[in-house]
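Structure first, then comments.
The values are calculated or read from the model by the stated rules, or taken from the named source; none is laboratory data. What you see is a predicted model; the values in this text were computed from it and never measured. Methodologically, a virtual Cβ is constructed for each residue, glycine included, from the backbone with ideal geometry; neighbour enumeration extends over all protein chains shown.
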Amino acid sequence: MDVSMNSDPRNNSDLKKCEICGHYVPYTIKHHLSYKDDITIEVCPRCHAKIHKSNDPAFVRYRPIDGKSNVKIGRYGIRWVKRSITIPEELYVWAKEFAEKNYWNVNHVFVVALMALKEQVDKHGYMDI
């Protein structure tokens, strides 16, 4: 729907209001203030990026008070959540080098390694490390 500059955006039901900046946008993002209690606010993409990437106190205060689980299992498989696990630097360096040599994404290296580990546990009932 085309909205002229003079029209009041609140009269356009296709637009959503950001709960931080108050701007009307075509879509908002459901941002969690708390994952445990499932407390969310609707924010525009610009404010959402600032919440997660800016050190501005006006946006930092909207960061989640608790973390999410390590892995999200969704429609397209497993998605790793940043900041959920700490990988030893030596392991990360090895995985990054392997990925570059084989034209892989470093995340794929970890996923394939975990799949192989799971296969071993399923087959033998233990991890042979």
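Does any residue in region 101-116 that is in the same structural domain as Pro88 (by TED's automatic domain parsing) come within less than 6 Å, Cβ to Cβ, of a residue that is assigned to a helix (DSSP H, G or I) six or more places away or on a different chain, and which pairs are these? From residues that are in the same structural domain as Pro88 (by TED's automatic domain parsing), the pairs are Val106/Ala95; Val106/Lys96; Val106/Ala99; Val109/Ala95; Val109/Phe98; Val109/Ala99. Number of residues in region 1-50 that are modelled with pLDDT under 90, part of a loop (DSSP other than H, G, I, E, B) and of a type in the set (Ser, Thr, Tyr) equals 4.
When Ile85, Ile65 are checked against the criterion of being at pLDDT 65 or above, under 17 Å from the mean Cα position of the chain (by Cα) and β-branched (Val, Ile, Thr), Ile65 stands alone in meeting it.
Could you check region 43-60 and list, in sequence order, the residues that are touching a residue at least 24 places away in the same chain (Cβ under 8 Å), under 12 Å from Thr28 (Cα atoms) and not basic (Lys, Arg)? Passing the criteria: Val43, Cys44, Cys47.
Here is a yes/no grid of residues against (1) exposed (fewer than 12 other Cβ atoms within 10 Å of the Cβ); (2) at pLDDT below 80; (3) within 23 Å of Ile39 (Cα to Cα):
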position	(1), (2), (3)
Arg61	yes, no, yes
Arg75	yes, yes, yes
Phe98	no, no, no
Asn107	no, yes, no
Asp128	yes, yes, no
